[in-house]
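Notes to accompany the following structure.
Readers should treat all values here as calculations from the given coordinates under stated rules, not as data from a laboratory. Model, not experiment: these values are computed from the prediction. Neighbour counts are summed over all protein chains in view; Cβ atoms, including those assigned to glycine, are modelled from backbone coordinates with ideal geometry.
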Amino acid sequence: MNYCLEVKNLSTAYAGSHFHLDNVSFSVPQGSIMGFVGENGAGKTTTFSSILNTIRRDSGKIEIFGEEMTDEQPDIRNHIGVVFDAINFPGDLTADKLAAVFKDIYQKWDDDLFQNLIRRLQVPAHIKVKDLSRGMTMKLATAVAMSHGAKLLLLDEATSGLDPVVREEMLDLFLEFVEDEEHSILMSSHITSDLEKIADYITFIHNGRIILTEKKDTLLYKYGIARCKSEQFQIVDKLEYLAYRKRGLQIEMLISDKAKFAKKHREIIIDDITIDEIMLLLVKGDQ
């Protein structure tokens, strides 16, 4: 399998802070979308910044299309499109003026594609960035990220602040992007229903550590949540669940093979599970 991005044993610490990335490792296959999920402060943005080589890392290796991006190889950035939660476009520029600026920055700037994208996303071309809504600014940033020949998109809350109709448009755009199997996306989002629609893989991060990477379809169709009483829980082997938590008089267990579990424990209720529920059990539950 070919990977567009490989993060290997990445560790980063901040002076004066207890937070650090702890041996973060995951790989994004070419032609795929990976959802990057975790609570606020889990390390998602720090991981993105490390991938872009904009913050110092203590150890580890990051390869983009088989090459490590260093200060000596800045050209690799031409292959990466970025949409961060905080957009830093100059406020007095319009979309058209931004296009003129980026034409001089990026070697493969495609102005026709950019104009098509802002029309499709209904971004006004002649209104200053500072006068655009947050949603419009995110759409503009996405159009920029996709218009300079990027093969890897890093999207940090790119659908945040958008209404459901526009979010659906954006998700369709992302799916079209990876139809070319050389293109890939790493996408963080608190709107996990978006990831359930388009992601091929999900990686969970908590307190700076990767706690699970799995195919999305495996998570949604093979994993499950078992609900039982305390006395039923006592007879379940610890190897049969990944995490559990007590909620009132009921105990919930994260199960990695609900069919196998159901065959052995016919008296215990097992439900389908969402990405949100998996994250809550992994983060809030006991292992």
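Counting only GluC sites (Glu not before Pro) that sit in a DSSP loop (anything but H, G, I, E, B) with at most 14 other Cβ atoms within 10 Å, what is the longest stretch of the chain containing none of them?
73-178
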| said: Between region 259-282 and region 32-52, what is the separation of their alpha carbon centroids in Å? | reply: 26
| request: Ratio to report: Rg/Rh of region 94-141, with Cα atoms as the point set and Rh obtained by the Kirkwood method; give two decimals. | output: 0.95
| remark: Most fluctuating of Asn40, Asn78, Asn23 in the GNM of the chain (C-alpha, under 10 Å) is Asn40
| message | Charges on Cβ only, +1 for Lys and Arg, -1 for Asp and Glu, centred on the Cα centroid of the chain; of Leu140, Ile269, Thr12, which one is farthest towards the dipole's positive end? | response | Ile269
| request: Would you mind getting me the FRET efficiency between Ser25 and Gln107? Use the beta-carbon distance for r and R0 = 22 Å, nearest 0.05. | output: 0.10
| request: May I have the convex hull volume per residue, in Å³, for the Cα set of the chain? | output: 154
| task | Identify which of Ala141, Ala99, Ala86 has the largest mean-square fluctuation in a Gaussian network model of the chain, with springs joining Cα atoms closer than 10 Å. | result | Ala86
| Over all distinct alpha-carbon pairs, what is the Kirkwood Rh of region 20-136 in angstrom? | 16.9
| remark: Projected onto the charge dipole of the chain (unit charges on the beta-carbon of Lys, Arg, Asp and Glu, signs +1, +1, -1, -1), the Cα from Met34, Pro124, Asn2 with the largest positive-side position is that of Met34
| field | the chain: calculated mean residue ellipticity at 222 nm from DSSP helix runs of at least 4, using -39500 (n - 2.57) | value | -8500 deg cm²/dmol
| query | How large is ³J(HN,Hα) for each residue in region 245-255, as worked out from phi by the Karplus curve 6.51 cos²θ - 1.76 cosθ + 1.60 (θ = phi - 60°), to whole Hz, x for Gly and Pro? | reply | 8, 8, 10, x, 8, 10, 10, 10, 10, 8, 10
| field | Segment Ala13-Asp257, length gained on full extension (0.36 nm per residue, minus Cα span) | value | 84.2 nm
| field | Stokes-Einstein diffusion coefficient of region 1-75, Kirkwood radius over Cα pairs, 25 °C, 0.890 mPa s, in µm²/s | value | 188
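Filter the cross-link list Lys139/Lys216; Lys216/Lys258; Lys61/Lys215; Lys222/Lys246; Lys222/Lys263; Lys108/Lys151 down to pairs whose alpha-carbon distance in this structure exceeds 18 Å.
Table pairs above 18 Å Cα-Cα are Lys139/Lys216; Lys61/Lys215; Lys222/Lys246.
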| field | About the Cα centre, charge dipole magnitude for the chain (Lys/Arg +1, Asp/Glu -1 at Cβ), debye | value | 960
| Highest GNM mean-square fluctuation, the chain, Cα pairs closer than 10 Å: which of Phe233, Phe204, Phe84? | Phe233
| Ranked by Cβ crowding within 10 angstrom, fewest neighbours first, how are Thr192, Thr54, Thr142 ordered? | Thr54, Thr192, Thr142
| Which is the longest run of the chain containing none of the trypsin sites (Lys or Arg not before Pro) found in DSSP loop states (not H, G, I, E, B) with at most 16 other C-beta atoms within 10 Å? | 129-221
| message | Can you give the Rg/Rh ratio of region 213-287, where Rg is from the C-alpha atoms and Rh is the Kirkwood radius? | response | 0.93
